[in-house]
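Written out below as structure tokens is the structure these notes cover.
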Amino acid sequence: MEKRTAHFDYESAAHILGHRYIAGVDEVGRGPLAGPVTAAAVILDPANIPPGLADSKALTAARREALYAAILASAQCCIAHASVEEIDKLNILRASHLAMERAVAGLPQVPDHILIDGNLIPANLKGRAQAIIKGDAKSLSIAAASIIAKVARDRIMVDLAQQYPGYGWEANAGYPTKLHQSALLNLGVTPAHRRSFKPIHNMLYQDKSVTP
């Protein structure tokens, strides 16, 4: 399978069009059963891009941590979230977009152009954003955002794992691993679980009187 290498071509094309500040945006945490969805927006300094930027999923945890520090030290960054309550109220897609919008709004510099991972542009970013499928493996700015979002959310899940031990969130980040699903059966649902997600909803609301 061809290995994709993130590059600066999308950013350079935007600079040629007269855009000075180009933000990459990505989110993490759509699939987990627990915890917030987290987004990051990053404006890289073209003259000071940390080497080794890549899709966060292709990096080791130690490499992500090192790049996280390097990105924060050299780029403009903002991390934002949508809470479990917002996910349950809005649905996960809209909550993800809300987190992205918050991340962009929190940047120190208003970006002239925005590169977003995926195929959809959040409503409040339309008109100044470009959606790039698998953008975290193509754009250095989006790759940087993916690293920042991933590390930030993982840290949140480690903290939540201390509040609600037994679910393995320090390792599975809230995804439905066997350990997590077993803990749900044995320990029950916590306030950090997404009640709108089918496995949690079924545990809470299905008719317990029905025998298997």
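Odds and ends about this structure:
- A cut-off of 5 Å between modelled amide H atoms, ignoring neighbours fewer than 5 places along the same chain, links L115 with A23, G24, V25, Q130.
- Computed helical MRE - 222 nm, the chain, DSSP H runs ≥ 4 contributing -39500 (n - 2.57), nearest 500: -13000 deg cm²/dmol
- With contacts taken as Cα pairs under 8 Å at a separation of at least 6 residues, the chain carries a relative contact order of 29 percent.
- Beta bridges per DSSP with both ends in the chain, % antiparallel, nearest 5: 60
- Highest-first packing order for the peptide set 10-18, 147-155, 186-194 is 147-155, 186-194, 10-18, based on the mean count of other beta carbon atoms within 10 Å.
- The simple Förster model, with R0 at 35 Å and r as the Cβ-Cβ distance, assigns R128 and Y164 a FRET efficiency of 0.35.
- Amide H within-cut-off set for K134, under 5 Å, with H built and near neighbours excluded: G118
- Alpha carbon centroid spacing (whole Å) that separates the range 139-212 from the range 1-67: 24
- Among L160, L185, L90: highest mean-square fluctuation, GNM of the chain, C-alpha pairs under 10 Å: L185
- Computed from the Cβ-Cβ distance with R0 of 25 Å, the FRET efficiency linking V110 to D9 stands at 0.60.
- Amide proton proximity set for S139, modelled H, under 5 Å, gap of 5+: H7
- Within a Gaussian network of the chain (alpha carbon springs, distance under 10 Å), most fluctuating of D136, D112, D26: D112
- Highest-fluctuation residue, A131, A40, A80 considered, GNM on the chain with Cα pairs under 10 Å: A131
- Near P32, once Lys and Arg are set to +1 and Asp and Glu to -1 for all other residues with Cβ below 10 Å from its Cβ, the sum equals +3.
- Cβ-Cβ FRET estimate between L93 and Q206, R0 fixed at 35 Å, reported to 0.05: 0.90
Every number in this text was worked out from the coordinates using simple rules, so none of it is lab data. Since the model is a prediction, treat every value here as computed from it, not as a measurement. Don't worry about glycine lacking a Cβ; one is built from the backbone with ideal geometry, like all the others, and counts go over all protein chains shown.
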